[in-house]
Amino acid sequence: MLANRNQAIVSGILSLSIVGFAGATALQFNDRIEYRIGNRIESQPAWLVPPKAEFRAIERGYGGIKILLSLLATGGMITTMLIARREGEQEPVRQRIKKYQEKAYEFGFAAESAYQMSTLANRYKKLADADEVAFEGEIEAAYCESLGIDPQQQQQQQLLTGTATLESISNPGDKVQPSAAQSAALEPKEESAKLPKLTNYPAILIHGPQGSGKSFLAEEEIAQRKAAGHKVTALDPHAGFNSWRDCEVIGAGMDYPAIDAELAEFAAEVKRRYERIRNEPNPTFQPWTFVCDEFTNWASRCKTSGDFFQAALSDIRKAKMYVIFVSHARTLAGLGDAKGMAATRDAALLEIELLGKIDPVTTEAVPRFEALVKLPGQPLSDRKLVKLVRKSEPKNATTNEASDAKTDIPSNSSEKDYTLPEQDSGNLLNPCGTGAEASEGAEGADCAEGSDSLLNGFLSEILADSLPPLFSNDFPLKSHERRVQLAKLVIAQNLGKQRTIWLLWGVRDGGRNHKQYADARAMLERLINGEE
Amino acid sequence: MYSEFDASEFDYLNSAIPQQFEQQNQTQTPELTNIERFWNLTGNWGEFGSYFGAGLSASLIVRAIPAMIPAAVILIPAASLGLALYSLSAEGSGKVRSQLILLAVGTALLAGNWDAWQAWIIANSQLLILSFALIVITVAFVATQVWSKLNVSE
């Protein structure tokens, strides 16, 4: 098997050269004269023909061809020698580099394994802490009993029993309302980095793979801006009927010439505003936001897209013009083919990369509710991971509409004919209506976690692999007792030990996970035997 | 399945002096690999072919320009003699290379001009036969004399 391409080349040249030498050697150089002398017929070069010979014929020599073949073959041999000598010098170096690469790979693998073990150890420590908290709960219960109070009765008051409904036990006064400005459908969790206020940035790029929620985030941002008095124009070649509600929509039906014309109008408006800034002391403008959806497709179809992108990054801030780009990529080719604009893009754009994942059940792309945010001027390596939480309601969540009435979510948000793919499945992060995620700290007493329907909702999500392991720190249900109840529901599905352990603790059998897997199996046995 | 990971094999990566890291790896790979053998072999044959081709081309060009034949007849044996003497005195790669040149050029002059040698032999066949006979007779005479002197009966 050939180790590299030069082997084939050198072998070919060497073979051709040998053939050339064979030809140059075998052919005769001089003309030969065939003659008769006496009774004999002979053939000799001209200078050996006897004077008295009788000429019969002439055989042509191949001197010129011999010289040509010889020179070509010599060149081939010299080439072969040079390539082979050079490769012979480089080969040991290549092999050393390859060995270093293999070592580096092994070292990286070791580091990755160590990291995973460390992460697992951390998770088990937290699990142990959770057990400790549960133990304290038992002590508290014993203390209640010693005082003559039935702790079970106390707890059941907080849970759904019999025919009680969610509305009948929930106290409206307990609900925590979100702050006024936080009515977007997606917003950061409190414990992670926060999404900056987007209206502070004149140019925003929302990008990410298909199904990651780009258009959804853009629409929610538009709703906020319209509420703040912005004029909004959506440039969307793929706009559907009634999409971009209450916005002027340009370019629907892949009408790229109309988009091109609107881009020219944008440039003209910017110019008009700057003329007013020059001529008037304190001009006021209505803020105007352009939303450029499917911007990836514009490069080859809108001549002015590159100029528009450049203008959006440099000229619009004082003119109260705003642009939201929605694209699949942050490359310049995907941004209107704005060649030479990389530095400006990095310095001027607020970039939000939405992350997606594949739903294991439907195999469709769904949002991960996480985004990487790069502020203008920040290096790409300093992007912050922002966890996003859905706050708007799915279109079929009619029971929640009443409790949402007091929030700042625009009234049309629940009427839109789009939803994030996960919205219909259990509504886990907002089980009790608005404010559930804000009252996470008070979950020990909340109404939601006690309901069977909630547990069933969690169960379906767990079985669909769309939640972290049940006993992990990231699992949304924090109460240890509820987790145990949920674990028993998972066990009752009879999924087999390996699958059950994976869903509960996120550990698979084999390799370096053996110890963790054995521990998990022991815990599973305890759960099966009714211990908690 | 997975084998237990033994970190001790990476201890050398922690060495304080970079050269230690280099040296350890160099000493671990002293043997030639097949691809290195291939390049050495190809390079040697390429070098032989280069000398062979140079000798062949030069001799054919001289044959094509008859005015150069006297000069070649003087220069080629002289250069060959010089190279032969050098190969006797030189050491190492110089010795091997000069022997390689002599072998390659000699082969090229004989094999590439076989028709000229053939014609020369035919043209001078009588002289060659006479010379050969004289050599045989001389050698036989000397040999018998030496033999007879060595075997004097007591």
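The values are calculated or read from the model by the stated rules, or taken from the named source; none is laboratory data. Fair warning: this is a prediction, and the values are worked out from it, not measured in the lab. Neighbour counts are summed over all protein chains in view; Cβ atoms, including those assigned to glycine, are modelled from backbone coordinates with ideal geometry.
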When the stretch B:30-47 is checked residue by residue, the ones that are more than 7 Å from chain A (Cβ to nearest Cβ), over 9 Å from residue A:81 (Cα atoms) and assigned to a helix (DSSP H, G or I) are B:34, B:37, B:41
When the stretch A:92-114 is checked residue by residue, the ones that are under 27 Å from residue B:38 (Cα atoms) and not β-branched (Val, Ile, Thr) are A:92, A:94, A:95, A:96, A:98, A:99, A:100, A:101, A:102, A:103
Flagged in the stretch A:476-530 as among the polar types (S, T, N, Q) and either closer than 24 Å to residue A:135 by Cβ or not in a loop (DSSP other than H, G, I, E, B) (or both), in numbering order, are A:479, A:485, A:498, A:500, A:513, A:516, A:529
When restricted to A:521, A:499, A:482, A:526, the only residue more than 14 Å from every other protein chain (Cβ to nearest Cβ) and touching a Leu at 6+ places or on another chain (Cβ under 8 Å) is A:482
Residue pairs qualifying under the 7 Å Cβ cut-off, at least six apart or on distinct chains, with the first in the stretch B:77-90 being in the same structural domain as residue B:101 (by TED's automatic domain parsing) and touching a residue at least 24 places away in the same chain (Cβ under 8 Å) and the second being part of a helix (DSSP H, G or I) and surrounded by 12 or more Cβ atoms within 10 Å (Cβ to Cβ), are B:80/B:102
Item to check | Residue in the stretch A:363-374 that is out of contact with any helix residue (DSSP H, G or I) (no Cβ under 9 Å at 6 or more places or on another chain) and in a loop (DSSP other than H, G, I, E, B) present | outcome: yes
Within the stretch A:242-284, the residues that are among the aromatic types (Phe, Trp, Tyr), in contact with an Asp or Glu (Cβ under 9 Å, 6 or more places away or on another chain) and surrounded by fewer than 19 Cβ atoms within 10 Å (Cβ to Cβ) are A:274
Quiz prompt | Flag for residue A:48 being at pLDDT below 90, within 22 Å of residue B:60 (Cβ to Cβ) and at the interface with chain B (Cβ under 8 Å from one of its Cβ atoms) | solution = yes
When (1) loosely packed, with under 12 Cβ neighbours inside 10 Å; (2) facing chain B (nearest Cβ under 8 Å) are applied to residue A:112, the one that fails is (2)
**Asked** Within the bounds of the stretch B:96-117, is there any residue that is farther than 28 Å from residue A:24 by Cα and charged (D, E, K, R)?
**Response** no
Scanning the stretch A:264-283 residue by residue, those β-branched (Val, Ile, Thr) and over 9 Å from residue A:319 (Cα atoms) turn out to be none
Only one of (1) closer than 30 Å to residue A:357 by Cβ; (2) touching a residue at least 40 places away in the same chain (Cβ under 8 Å) does not apply to residue A:264, and that is (1)
By residue number, the members of the stretch A:201-232 that are among the β-branched types (Val, Ile, Thr) and either touching a helix residue (DSSP H, G or I) at 6+ places or on another chain (Cβ under 7 Å) or surrounded by fewer than 19 Cβ atoms within 10 Å (Cβ to Cβ) (or both) are A:204, A:206, A:232
Restricted to the stretch A:51-66 and to residues being touching a strand residue (DSSP E or B) at 6+ places or on another chain (Cβ under 6 Å) and small (Gly, Ala, Ser), the residue nearest to the other protein chains (Cβ to nearest Cβ) is A:53
Restricting the stretch A:19-45 to residues that are within 21 Å of residue B:44 (Cα to Cα) and exposed (fewer than 15 other Cβ atoms within 10 Å of the Cβ), the one farthest from the other protein chains (Cβ to nearest Cβ) turns out to be A:19
Residue A:301 fails exactly one of (1) touching a Phe, Trp or Tyr at 6+ places or on another chain (Cβ under 6 Å); (2) buried (at least 16 other Cβ atoms within 10 Å of the Cβ), namely (2)
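When you go through A:281, A:257 one by one, which is the residue that is farther than 28 Å from residue A:197 by Cα, in a helix (DSSP H, G or I) and without any contact (Cβ under 8 Å) to a residue 24 or more places away in the chain?
Of the residues listed, the single one that is farther than 28 Å from residue A:197 by Cα, in a helix (DSSP H, G or I) and without any contact (Cβ under 8 Å) to a residue 24 or more places away in the chain is A:257.
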Of the residues in the stretch A:461-493, those that are under 14 Å from residue A:126 (Cα atoms) and loosely packed, with under 14 Cβ neighbours inside 10 Å come to A:474
Here the residues within the stretch B:49-62 that are surrounded by fewer than 22 Cβ atoms within 10 Å (Cβ to Cβ) and facing chain A (nearest Cβ under 8 Å) are B:54, B:61
